[in-house]
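Bear in mind that the values in this text are calculations on the coordinates, not laboratory data. Quantities reported herein were computed from a predicted structural model and do not represent experimental measurements. Reconstructed Cβ throughout: ideal geometry from the backbone, glycine too, with neighbour counts over all protein chains shown.
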Amino acid sequence: MMVLEKRPQPSQRWVFAAPLLAVVLTMMVGGALFAALGKNPFEVIRTIFYDPLFSQNAWFYRPEILIKGGPLVLLAIGLSFGFRAGIWNIGAEGQYIIGAICGAAVGLALYPAETRLIFPLMVLAGALGGWAWAMIPAILRVRFGTNEILVSLMLVYVAEQLLASMALGALRNPEGMGFPGSRNLSQWPAAANKELIAGSGMHWGVVAAFIAVIFAYIVLSRHQFGFQVRLSGQAPRAARFAGVNPGRMILICMGISGALAGLAGLFEVAGPSGQISIDFNVGYGFTAIIVAFLGRLHPVGILLAGGLMALTYVGGGIAQGQLGLPAAAIQLLQGMLLFFLLAVDVLTNYRFRFGKGEVA
Amino acid sequence: MSDVLLKLAGLTKAYPGVVANRDVSFQIGRGEIHALLGENGAGKSTLVKTIYGLVKPDSGTMDMNGAGFAPAEPKAARAAGVAMVFQHFSLFDALSVAENIALGMENPPKMQALAARVRAVSDQYGLPLDPDRTVGDLSAGERQRVEIIRCLLQDPKLLIMDEPTSVLTPQEVTILFETLRKLRSEGTSILYISHKLEEIRSLCDTATILRLGEVVGACDPRETSARDMAEMMVGQVLHVPERAAKAEGAVVLEMAGLSAPAPHQFGTALRDISIKVRAGQVLGIGGVAGNGQDELVAALSGEMKVKPGMVSLRGKDVGLLPVNTRRAMGLLAAPEERMGHAAAPDMTLSENALMTAATRKGLEQRGFIRWDRVRGFAAEVISAFDVRTPGAENTARSLSGGNLQKFVIGREILQAPDVFVVNQPTWGVDASAAAAIRQALLDLVAKGAAVICISQDLDELMEISDRFCALNEGRLSEPRPAQGLSVEEIGLMLGGAHDMEVAHVDG
């Protein structure tokens, strides 16, 4: 018989090995799936994981990885604080949308002024918008004990409706001949989130993501607040005994994730996307949940996981175009990654013991 | 009376990394109350689980009534006449007493008939219990009676009792002992596991002492002193806490009409607690768990806020101050539950040291943690309190209960508190660690601090307290000098037993 036995200490080896094993398992099962779809599994895996980085067309794809990875990392870093503290903000997608709307609205209100202050103002408005949207579930939780998972998730749909209404109404481009969607911010120098190095894909959102990684790393490992975040998640009663105010912890963690999500939305709307449109959001806020866990809620891990996830987006796009793979297969692959990670994760805290089991 | 009921020969059971029982041999006579003594981890639990069919020994044999006895599962053991009352009750709160008993039976009779049998047995053995009451409403002592009656209905030849008195008031203990003596007179054998030596001396006929999985001795507890038995258990000369004589100090902590509603559904409200705690003294607070102990600690530590004026420290009102402000003022606490409350199980000892000591030990600077100092403080606690661990980077849950308790107590004491509130300082801790913890509390008091020690262990309270009072349903009795208090007086202070009725032995 095989039994699972709790380890006295979490295994350091498995903390690192689990994500790698999860990636390998995903490739294997994903490959089998692609084979069942009638594709050559090796070719598909190569197209998704290798071509965007090292093929002869890689110069075209590499900037895409940064563009997709930037918002994912920024979002996931924000979420990781709450997830570590046992606060489940599932609605980063909504906060991302509201951040984009608020930032764009501030910019558009000043159109067509030309001053360097516009972009910083938009950044601030984006962060505040995301923060405010996250405060709704946070305050409801603290004040009335509602479930922040449900409230934050449902607010995503509210945000999507708001986005559609903005694209069709208040923020619609007056010179757009009636088409939905705002003015293109990326073509207005004062408001554009420009590429910092031409052809690199590096924009302010990517810079913000790197800064967020470094900031999160320092806070979590060196600052009392990071310690309290970890303590709240691992032993809530002990956290209260250590002087942590649980309500305040919820407000701060939701606030951080909301503000970073808002920032990610703003950088997207002012840069790669360019305008507020009905289909502005593409699910980064949900994918970021996978990124956060794939990266073990650790800043450096999230950076790597964000890169990997961006790779599957870009590679998946190539596979769709060149090999005719359905889009759903790519989403399946991303879901599988989280699934296997959580499954393999058991081995960090437990080990298998073979032999006769007994009630002891 | 001299013949043998159960004979154990050479029982050995090894788990990966530890031998739980090594060549254990002894015999239990018919109609004998046999004590099994030993510290935590001495192998008592493994041994009784072997007898009860929960553990299969690696080698060795058992004979019951001269025939081989190797139960593969508890059902077989029960069929052979072995019954066991566990330390932790397995009862459903929402069901009635009779329903709970029926659940544990192979072929339960009709509920009416069962209730009648429960009444008959409870009457016969002097264990007052109404079969129709809901278990959720019963006291710990009454719940234990449910378990005992469940066993007695099987008409056992051998009754195993694991730490039965840890949750009982002195009067309830008296009732239990009368029942056990009556069972003995009817020829039932009892294997009695405990570390309360005075109880064993008054109840048991023989005692087998286990240490590190081996039988290290046997004695007649009626003729052996508690100290000798303790030393056999521990394997070393036991250090008895010493206390220095001292003058009465100034009032440092005062509770005035401290009242608070129950913080949650299963909590207890605090009702009008008024007491002054003086420097250089130990205030012992006795009482059965669930009478407001947790709430009192929370109200003092700051985890639960109370109205202004109810708690003051050196004349300053602290009832609304947060935990860490109270710590900075010198009021420290160690709650009962080690895992998850006093310590975070999955964090390292260093991180656990940081948990409460950040302010008083200067472990942070403008919010940034000074990890070198944290590690230094953790190492200091580990060495000063003899915490057995490979190092400060091990997780709290890798420590045994006693070692973690030493760490938790040491962490607070090394912060030099003015007032130290501690709940169940030696719960589940082995005898030598318990002695070390009590000594540390007395040393702290000798330096002029005040200690509030909340405990269910009356022997412990009598040993270290200057004044004693009892907590009963959230009310605190008038304090009395601990010296010279008799067990009866303490029992009355604790609110008396539930249903004061002692077994009336028939015939």
Original post:
Who wins for biggest fluctuation among A:Asn281, A:Asn57, A:Asn193 in a Gaussian network model of chain A, springs between alpha carbons below 10 Å?
Top reply: A:Asn57
Original post:
Assuming R0 = 51 Å, what is the FRET efficiency of A:Ala17 and B:Leu95, from their Cβ-Cβ distance, to the nearest 0.05?
Top reply: 0.60
Original post:
Roughly what % antiparallel, to the nearest 5, for the DSSP beta bridges in the stretch B:4-234?
Top reply: 55 percent
**OP:** Using Cα pairs closer than 8 Å and at least 6 residues apart in sequence, work out the relative contact order for chain A, in percent.
**Re:** 36 percent
**OP:** Express as a percent, rounded to the nearest 5, the fraction of DSSP beta bridges in the protein assembly as shown (both residues included) that run antiparallel.
**Re:** 55 percent
Subject >> Net charge over other residues, Cβ less than 15 angstrom from the Cβ of B:Met229 (K, R count +1; D, E count -1) >> reply: -4
Original post:
Arranged by the count of other C-beta atoms within 10 angstrom, fewest first, what order do B:Lys44, B:Lys361, A:Lys194 take?
Top reply: A:Lys194, B:Lys361, B:Lys44
**OP:** Compute the distance in nm between two label points, each set 7 Å from the Cα along the Cα-to-Cβ direction, one at B:Ala120 and one at B:Ser225.
**Re:** 4.9 nm
Original post:
Which log10 I(q)/I(0) values, to two decimals, does the stretch B:1-152 give at q = 0.10, 0.14 Å⁻¹ under the Debye formula with one point per Cα?
Top reply: -0.44, -0.81
Original post:
Under the definition of Cα pairs under 8 Å and six or more residues apart, what whole-number percent is the relative contact order of the stretch B:251-493?
Top reply: 28 percent
Original post:
How long are the three semi-axes of the equivalent ellipsoid for the stretch A:5-85, computed from the Cα gyration tensor as the root of 5 times each eigenvalue, in whole Å, largest first?
Top reply: 29, 22, 12
Subject >> Ranking of B:Ser225, A:Ser232, B:Ser122 by count of other Cβ atoms within 10 Å, fewest first >> reply: B:Ser225, B:Ser122, A:Ser232
Original post:
Once amide H atoms are built 1.01 Å from N in the peptide plane, which residues 5 or more positions from B:Arg314, or in another chain, come under 5 Å H to H?
Top reply: B:Leu253, B:Glu254
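Which loop GluC sites (Glu not before Pro) in the stretch A:96-200, with loop taken from DSSP, have no more than 12 other Cβ atoms within 10 angstrom of their Cβ?
Values: sites: A:Glu114, A:Glu148, A:Glu160, A:Glu175, A:Glu195; in loops: A:Glu114, A:Glu175.
Within the stretch A:96-200, the qualifying GluC sites (Glu not before Pro) (loop, at most 12 other Cβ atoms within 10 Å) are A:Glu114, A:Glu175.
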Subject >> Contact order normalised by residue count of the stretch B:375-436, Cα under 8 Å, 6+ apart, percent >> reply: 31 percent
Original post:
Residue by residue, what Karplus-based ³J(HN,Hα) values in Hz, rounded to whole numbers, does the stretch B:331-340 have, using 6.51, -1.76 and 1.60 with θ = phi - 60° and x for Gly and Pro?
Top reply: 9, 10, 9, 10, x, 5, 6, 6, 6, x
**OP:** Summarise the partner chain shielding of B:338-344 as one whole number: the mean count of Cβ atoms from other chains within 10 Å of each residue's Cβ.
**Re:** 5
Original post:
Once every DSSP H run of n ≥ 4 in chain B is given -39500 (n - 2.57) and the sum is divided by its residues, what mean residue ellipticity at 222 nm do you get, rounded to the nearest 500 deg cm²/dmol?
Top reply: -9500 deg cm²/dmol
**OP:** Give me the number: length gained by fully extending B:Arg366 to B:Ala218, i.e. 0.36 nm times residue separation minus the C-alpha to C-alpha distance, one decimal in nm.
**Re:** 47.3 nm
Subject >> Chain lengthening between B:Glu73 and B:Glu337 when straightened (0.36 nm per residue, less Cα-Cα) >> reply: 91.8 nm
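Hey, could you get me the Stokes-Einstein D for the stretch B:251-493, Kirkwood radius over alpha-carbon pairs, 20 °C and 1.002 mPa s, rounded to whole µm² s⁻¹?
Approximately 119 µm²/s, per Stokes-Einstein.
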Original post:
For chain A, what are the DSSP H helices with axial Cα length of 18 Å or more and mean Kyte-Doolittle hydropathy of at least -0.5?
Top reply: A:12-36, A:58-85, A:92-109, A:118-144, A:148-168, A:204-222, A:246-270, A:299-323, A:327-349
Original post:
How big is the gap, in Å, between the Cα center of the stretch A:3-70 and the Cα center of the stretch A:244-306?
Top reply: 22 Å
Original post:
chain A: D in µm²/s via Stokes-Einstein (Kirkwood Rh, Cα pairs, 10 °C, 1.306 mPa s)?
Top reply: 74 µm²/s
Original post:
By count of other Cβ within 10 Å, fewest leading, how are B:Asp372, B:Asp459 ordered?
Top reply: B:Asp372, B:Asp459
**OP:** Please build a GNM for chain A, connecting alpha carbons under 10 Å apart, and tell me which residue among A:Leu251, A:Leu53, A:Leu110 fluctuates the most.
**Re:** A:Leu110
**OP:** Considering only A:Ala216, A:Ala239, A:Ala192, give the residue with the highest GNM mean-square fluctuation for chain A, with springs between Cα atoms whenever their separation is below 10 Å.
**Re:** A:Ala239
**OP:** Check the straight Cα-Cα distances from B:Lys361 and name the lysines below 23 Å, setting aside those fewer than 8 residues away within the same chain.
**Re:** B:Lys316, B:Lys406, B:Lys447
Original post:
Taking only the alpha carbons of the protein assembly as shown, what extent do you get along each of the three principal axes, in Å, biggest first?
Top reply: 107, 70, 54
Original post:
Amide H to amide H under 5 Å from B:Glu364: which residues, 5+ apart in sequence or cross-chain, H placed 1.01 Å off N in plane?
Top reply: B:Arg370
Original post:
Given 0.36 nm per residue, what is the gain on full extension from B:Glu478 to B:Arg181 after removing their alpha carbon distance, in nm?
Top reply: 103.4 nm
**OP:** Obtain the nm distance between the two label points defined at B:Tyr15 and A:Gln187 by a simple spin-label model: each point lies 7 Å from its Cα along the Cα-to-C-beta direction.
**Re:** 7.2 nm
**OP:** Filter the trypsin sites (Lys or Arg not before Pro) in the stretch A:284-360 down to the DSSP loop ones having no more than 15 other Cβ atoms within 10 Å, then list what survives.
**Re:** A:Lys356
Original post:
Could you give the nm distance between label points at A:Phe42 and A:Ala327, where each point is 7 Å from its Cα heading toward the beta carbon?
Top reply: 3.1 nm
Original post:
How compact and how long is chain B, expressed as Rg and Dmax of its alpha-carbon atoms in Å?
Top reply: 24.1, 77
Original post:
Rg to Rh ratio, the stretch B:348-408, alpha-carbon atoms and Kirkwood radius?
Top reply: 0.97
